[in-house]
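Note sheet for the following structure.
The values are calculated or read from the model by the stated rules, or taken from the named source; none is laboratory data. The model shown is predicted, which means the values in this text are computed figures rather than measured ones. Every residue, glycine as well, gets a Cβ built from its backbone with ideal geometry; the counts of neighbours run over all protein chains shown.
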Amino acid sequence: RKTIHGITNVFVELGIPKEAVEVLIHESPMKNWGVGGCQASEKFKDVKIP
């Protein structure tokens, strides 16, 4: 909720009506993306996400 509100506000500050802003959050499993040539699920396997 906080993220959607914040993103919307950025566009509103640029003069875009909030009714024209659509925010889509698409979370991909860590096995489906990578960083620096490594699969994210391996690179961040020891990181605890709150």
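Inside region 36-50, can you point out the residues that are over 20 Å from residue 2 (Cα atoms) and surrounded by fewer than 10 Cβ atoms within 10 Å (Cβ to Cβ)?
Those that are over 20 Å from residue 2 (Cα atoms) and surrounded by fewer than 10 Cβ atoms within 10 Å (Cβ to Cβ): 36, 37, 45, 46, 47, 48.
What do you reckon, is residue 4 surrounded by 10 or more Cβ atoms within 10 Å (Cβ to Cβ) and not in a loop (DSSP other than H, G, I, E, B)?
yes
Pick from 20, 40: which is of a type in the set (A, V, I, L, M, F, W, C) and touching a strand residue (DSSP E or B) at 6+ places or on another chain (Cβ under 8 Å)?
Step by step, each of 20, 40 is checked, and only 40 is of a type in the set (A, V, I, L, M, F, W, C) and touching a strand residue (DSSP E or B) at 6+ places or on another chain (Cβ under 8 Å).
Out of all the residues in region 7-31, which are part of a helix (DSSP H, G or I) and surrounded by 10 or more Cβ atoms within 10 Å (Cβ to Cβ)?
7, 8, 9, 10, 11, 12, 18, 30, 31
Condition (residue is modelled with pLDDT of 95 or more and either assigned to a helix (DSSP H, G or I) or among the β-branched types (Val, Ile, Thr) (or both)) applied to region 41-50: is it met by at least one residue? Working first, answer last.
From region 41-50, those modelled with pLDDT of 95 or more are none; that's our starting set.
No, there is no match, as no residue in region 41-50 is modelled with pLDDT of 95 or more and either assigned to a helix (DSSP H, G or I) or among the β-branched types (Val, Ile, Thr) (or both).
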